[in-house]
Amino acid sequence: MNYNEILDQISCEYNRVLSDNLVGIYVHGSIAFGCFNWDKSDIDFLVVTKEIPSLEEKKELIKVLMELDKACPPKGLEMSLVLEKVCSEFIYPTPFELHFSNAHKEKCKDNIEEYVKAMNGVDKDLAAHFTVIRSVGIVLCGKDIATLFGEIPKANYIDSIKCDVECAEDEIIENPIYSVLNLCRVLAYMRENLVISKEQGGLWGIKKLPSVYVPVIKEAVKCYQSNECFSMDFKLAKEFSHYMVKQIFVDN
């Protein structure tokens, strides 16, 4: 099963569960940017409803994703559900009514009812997801993006993506590919207002950042595009992350 087949099945099941309450389903992330890698990417999508789904409906939505899990890429599915009014009149941090990702699978298996009762709140990441949807998002079903999604204030988007890299110096050893490419992507927006993927961020960094760091970025891009593991002098990677964090948080 490829990602299009997985998304088609999600669309079919979510239309069945939510019926007239469903406003639309919108694909973002690497699929929308055209750089999906089965071994390195997850399947990102946003669900929009008119009203908050019932507890039973929420359970059904999660069960659909759990049942599809074995057919999914290793990084799995990432889904957030928000209300239509939040899309048209943006709120930051953004309220969400349900969320699911690989990180939550065990909790769902242990007690799905308690999980869906607790899984709501606000999420700064949604400002970035909304911005990507407005830029390159794919309508899986429902309303047109330009009709549904209002403008995202630039300050909110910047805060959202900065939050995603504020711990990069600590995380680069454990997750170097993601950290390197994400730092490049964030700085590309800070300097040039570019809404781009991690892969595109790495390619931007190769052209625009100091040559001493180019080997680190090239290694991250190569690994992202293939099944290879990151193999690089981690001392240089740490220096790169320190430089990038300073550029993003101090010099901008």
Qualifying positions in the stretch 32-48 - in a loop (DSSP other than H, G, I, E, B) and in contact with a helix residue (DSSP H, G or I) (Cβ under 9 Å, 6 or more places away or on another chain): G34, C35, F36, N37, W38, K40, S41, D42
Within the stretch 112-165, how many residues turn out to be among the aromatic types (F, W, Y) and in a loop (DSSP other than H, G, I, E, B)? 1
Identify, please: which residue in the stretch 213-252 is aromatic (F, W, Y) and closer than 14 Å to K198 by Cβ and is, among those, surrounded by the fewest Cβ atoms within 10 Å (Cβ to Cβ)? F230
Considering only the stretch 120-148, state which residues are more than 11 Å from L46 (Cβ to Cβ), buried (at least 19 other Cβ atoms within 10 Å of the Cβ) and touching a residue at least 60 places away in the same chain (Cβ under 8 Å). T131
Counting only residues that are of a type in the set (A, V, I, L, M) and in a helix (DSSP H, G or I), which one in the stretch 1-31 is nearest to L81 (Cα to Cα)? L18
Of the residues in the stretch 149-162 that are buried (at least 17 other Cβ atoms within 10 Å of the Cβ) and among the aliphatic types (A, V, I, L, M), the one that is nearest to the chain's Cα centre (by Cα) is I161
Hey, does the stretch 122-134 have a residue that's more than 14 Å from the chain's Cα centre (by Cα), at negative phi and of a type in the set (S, T, N, Q)? no
Checked V212, V221 against criteria (outside the structural domain of N21 (by the TED database), over 29 Å from P73 (Cα atoms) and assigned to a helix (DSSP H, G or I)); the one match is V212
Is it the case that A103 is surrounded by fewer than 21 Cβ atoms within 10 Å (Cβ to Cβ), at pLDDT 95 or above and in contact with a strand residue (DSSP E or B) (Cβ under 8 Å, 6 or more places away or on another chain)? no
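The values are calculated or read from the model by the stated rules, or taken from the named source; none is laboratory data. These numbers were taken from a predicted model, which means no experiment stands behind them. Every residue, glycine as well, gets a Cβ built from its backbone with ideal geometry; the counts of neighbours run over all protein chains shown.
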